[in-house]
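Colleague: What follows is a structure written as structure tokens; I'll ask about it next.
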Amino acid sequence: MSDNPKYIVVFKKNVTKEQIDKYADEVNNNGGKVTNVYESVLNGFAAHLPDSYFQSLQADDVIDYIEPDLVVTTQS
């Protein structure tokens, strides 16, 4: 397991699968680890991101949003 925090990275709707795959490869080559790729509900991936790479992704104009990947529970 990675020591880097895990995030969900969501790309804007006009971003292609090929572009997302390129970003996923960059994450994996820069000390991160992509754990899931989403193609139907979201346009993006979940990944452990090093702080330095997280900062550069936040500034990229193809990114819609980035949020922490957390477990959510409900009680009834």
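The values are calculated or read from the model by the stated rules, or taken from the named source; none is laboratory data. Given the structure is predicted, the values throughout are model-derived calculations rather than measurements. When we count neighbours, we look across all protein chains shown, and the Cβ atoms used for this are built from the backbone with ideal geometry, even at glycine. With ligands, DNA and RNA removed, areas are computed over all heavy atoms of the protein, side chains included. Shrake-Rupley method; radii C 1.70, N 1.55, O 1.52, S 1.80 Å.
Colleague: Working only within region 23-39, note down all residues that are among the hydrophobic types (A, V, I, L, M, F, W, C) and not in a strand (DSSP E or B). I'd like the intermediate steps shown before the answer.
Modeller: Keep residues of region 23-39 that are among the hydrophobic types (A, V, I, L, M, F, W, C), which gives 24, 27, 34, 37.
Correct list: A24, V27.
Colleague: Within region 22-37, can one find any residue that is in contact (Cβ under 8 Å) with a residue 40 or more places away in the chain, open to solvent by 70 Å² or more (accessible area, probe 1.4 Å) and over 14 Å from I66 (Cβ atoms)? Even if it seems obvious, please write down each step before you answer.
Modeller: So the first thing to find is which residues in region 22-37 are in contact (Cβ under 8 Å) with a residue 40 or more places away in the chain, and the list is none.
Within region 22-37 (the criterion being in contact (Cβ under 8 Å) with a residue 40 or more places away in the chain, open to solvent by 70 Å² or more (accessible area, probe 1.4 Å) and over 14 Å from I66 (Cβ atoms)), the answer is no, since none of the residues qualifies.
Colleague: Could you tell me which of the residues L57, L42, L70 is assigned to a loop (DSSP other than H, G, I, E, B), touching a strand residue (DSSP E or B) at 6+ places or on another chain (Cβ under 9 Å) and within 21 Å of K13 (Cβ to Cβ)?
Modeller: Numbers: L57 fails: assigned to a loop (DSSP other than H, G, I, E, B); L70 fails: within 21 Å of K13 (Cβ to Cβ).
Exactly one residue qualifies, and that residue is L42.
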